[in-house]
Structure formats: structure tokens, C-alpha cells
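Each remark here refers to the structure printed beneath this line.
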Amino acid sequence: MTDHYRAEGDESRQSTHPQQYPYPGFGGDGGYPPPPAYTPTSPAHAAPAHAPAPAPAPAPAPTPRAKRPVALLAAVAIVAAAVGGGAATLVERFAGGDGGATGTGVTGTTVSQSSKGTVAGVAQAVSPSIVEINASTTSGQSTGSGVIITSDGEIVTNNHVISGADTVKVRLSNGRTYTAEVVGTDPGKDLALIKLNGAKGLTAATLGDSDGLKVGDEVVAIGSPEGLTGTVTSGIVSALDRDVTVAKDEGQDQRQLDPRQGWPFEFGGRQFNGDTGDSKTTYKAIQTDASLNPGNSGGALINMNGEIIGINSAMYSPSSTSGSTAGSVGLGFAIPVNTVKADLNSLRSGGDA
């Protein structure tokens, strides 16, 4: 190998064979000293004092546009935080919790939350307060319905359901049965109050305000038509303040008084479900198209808040040629609950019995 030197001004560098160090910046054209023959394990040493590394080129001056992405990211972060906090507040509000709550449950049950204001919700809430009544007389047995109004077993029903009964038996929605005593009756309003023997802790219905009803309001009827305990139907308020004339119990044939055969009543000068006889009484009734059938008498007409707004008392049941009665045709009547509430004290003291 031949070594040579080349002078350039005041500087001199050693040249090596170009094939031995084929890297840019090295070789016969001048450059830095050759790199070591092995890979260094420590950071590279600074260039010799006589050959300082060239200074890096200065970075270009930032333009106003360079700051915008940073500002935009900051704005996005702030908006995201605000939205996230708002979403958390909404979730917490709909979950029914507060800021210090540690539980994750929703107040109430799924059923009560999802079915409130529906027929299913009303039926679930009120059905435990509706009973089946079986009244036995020397002439036979009749079946009707009733509404529990106190936890110790006071029940409102129609007078014609228990009229002339020797024994009264009541079946609750859970299947439990009680005997009952007649506390008071008011044949003029077709109302009666009975009391279960030895009952306590029963589910009492809530009595609403029938004066607030409007035509078209949705209603639910619950009773025991044909002995089918806890039957639920629904409809609307078809009319208000209908003058319905019904028979009192004096001198009536038991078949006419049997709720299974349809309680006879008059409306608009016409008689329905039999002869009302000479002894009659007239009251203002709620008309509904909720399906009512024989056995619904004394049961509840309920608004969508689960409040009793009427006691079902009369229904039109067209008779067949065989003498039996057909089903409801959407003409049912109920005694307004405000009439019931006004009569309760009298019934508790014996009424007209």
C-alpha cells in the first residue's frame, strides 16, 4: 500500500484506500479519520478539535399556522371533557342516583318502571285488591266481585251481589278464602259494605276522583265474570252522567238478581237484562266500553294511575234463544267512586239494611 499526503491550504488529512473505507466522506478525496474496525459500544466521541463537525442547520422559523393544531387539540380536549361530564350527569340522572351514590342499581323494579301507566301495570298494582264474592241464599248462589278498601278487610260491592244472602264467602286474588259479614247496604245506590272475618295486612285499593274523568280517558276493569277470578279488560270512558235505573232487591225474582244472569237495568226508557220491577232507583253512572260480563258486578273500574274511579254495576248482555246471556257488547256502567266515598260512613253504620 502506498501512503501519500496532499496539502490544501493550512489543513492536511490522511488518505486511505478507497475500497477499504467505501463510505461517503472518506477516501482519497479527503474526509474525517476512518471509523474503527468494530462497532463501538459507547457513544461516538466528538470530532477532533482540528476537524469540528459542521453546525446543524437552523430550524425554520415557525409560522402562525404551526400553533393552530395545538390550539385545536386543546379545544377538542376541553369539549370532550365537557361532553363526557354531561353524559355522566345524564346517565346518573336517568339511573336515579346522586353524586355520592356508590350503588349501580336503578330505583324500583324493571316491571314497575317499564309498565307504569299501562294496562299491565294497572293490573299488577290493583289485582290484589279485587276479590270474588260468592253469596248463598235459600234460592241458590250468586257470584260477583268486590274491592278491598282497608287492610283489615272492608270490601265495597254492589247491593244486588249480596242481597238476601245467608252466607258470604270471599276469595282473594292469591286464592285464600274468608267468610264475610254484611256491614251495611244502600239499595238506593246499589252499594253494600262487607267485612272479612279475621283478615289483616290486605292490600287496599286507592280511591280516586271520579269528578276528574273525561270522555275518552282510558280505563281498566277487573272482576270475576262467570267465576273467572281476576279477569282484566280495558277500554275508555264512553260517556258520563248516564241516568241508569236499576231494580232494588225487594220483591225481585232471584234469577233476576243473580249477577251471572245480568243485573236488570233501564236506560232511555228501555229495559235491559230483564224486568226491573216496580221498586227502582236511578243514579248517575259512568259508561264504558271496557268488556263487562255477568260476575263483574261490584268489581273495579280503574284509571291509568291505578286508582278506583267506579264500581261496575250494570252491563248490557243480549240474551240468546236458550235463555242464557251472551258476552259484553261494550255497554257497561259503573257507580262513580265519589258516590261510594260519600256513602261510606252511612254503610259503616249499617246503611239502609
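The values are calculated or read from the model by the stated rules, or taken from the named source; none is laboratory data. Fair warning: this is a prediction, and the values are worked out from it, not measured in the lab. Note: ideal-geometry Cβ built from the backbone for every residue, glycine included; neighbour counts use all protein chains shown. In case anyone asks, the SASA skips ligands and DNA or RNA and just uses the protein heavy atoms, side chains included. Shrake-Rupley method; radii C 1.70, N 1.55, O 1.52, S 1.80 Å.
Among 153-165, 134-146, 183-195, how do they line up from the highest to the lowest mean number of other beta-carbon atoms within 10 Å?
153-165, 183-195, 134-146
Sort TYR316, TYR178 from largest to smallest accessible area, using a 1.4 Å probe on the heavy atoms of the protein chains.
Sorted descending by solvent-accessible area, the residues read TYR316, TYR178.
Working out 0.36 nm times the residue gap between SER139 and GLN124, then minus their Cα-Cα distance, what length gain in nm do you get to one decimal?
Length gained, SER139 through GLN124: 1.8 nm.
Any of LYS214/LYS341; LYS169/LYS341; LYS214/LYS248; LYS195/LYS284 with alpha carbons more than 22 Å apart? Name them for me.
Table pairs above 22 Å Cα-Cα are LYS169/LYS341; LYS214/LYS248; LYS195/LYS284.
In debye, nearest 20, what is the charge dipole magnitude of segment 121-248 about its Cα centre with +1 on Lys and Arg Cβ and -1 on Asp and Glu Cβ, if you could check?
Dipole size: approximately 380 debye.
For GLY330, list long-range residues whose amide hydrogen, built 1.01 Å from N in the peptide plane, is under 5 Å from its own amide hydrogen.
It is LEU292, by chain and number.
Of THR185, VAL246, ILE236, which is farthest on the positive side of the dipole of segment 171-249, counting Cα position, with +1 on Lys and Arg Cβ, -1 on Asp and Glu Cβ, and the Cα centre as origin?
Result: THR185.
Taking amide H positions as placed 1.01 Å from N in the peptide plane, with prolines and chain starts having none, which residues 5 or more places from SER313, or on another chain, fall under 5 Å of its amide H?
GLY298, PHE333, ALA334, ILE335
Can you classify segment 147-234 as rounded, prolate or oblate using the Cα gyration tensor, where a ≥ b ≥ c are the square roots of its eigenvalues, rounded means a/c under 1.5, and otherwise it's prolate if a/b beats b/c and oblate if not?
The shape class here is prolate.
Name the long-range amide H neighbours of GLY223: under 5 Å, sequence gap of 5 or more, or other chain; modelled H, no Pro or chain starts.
So GLY223 has HN proximity to GLY230, THR231.
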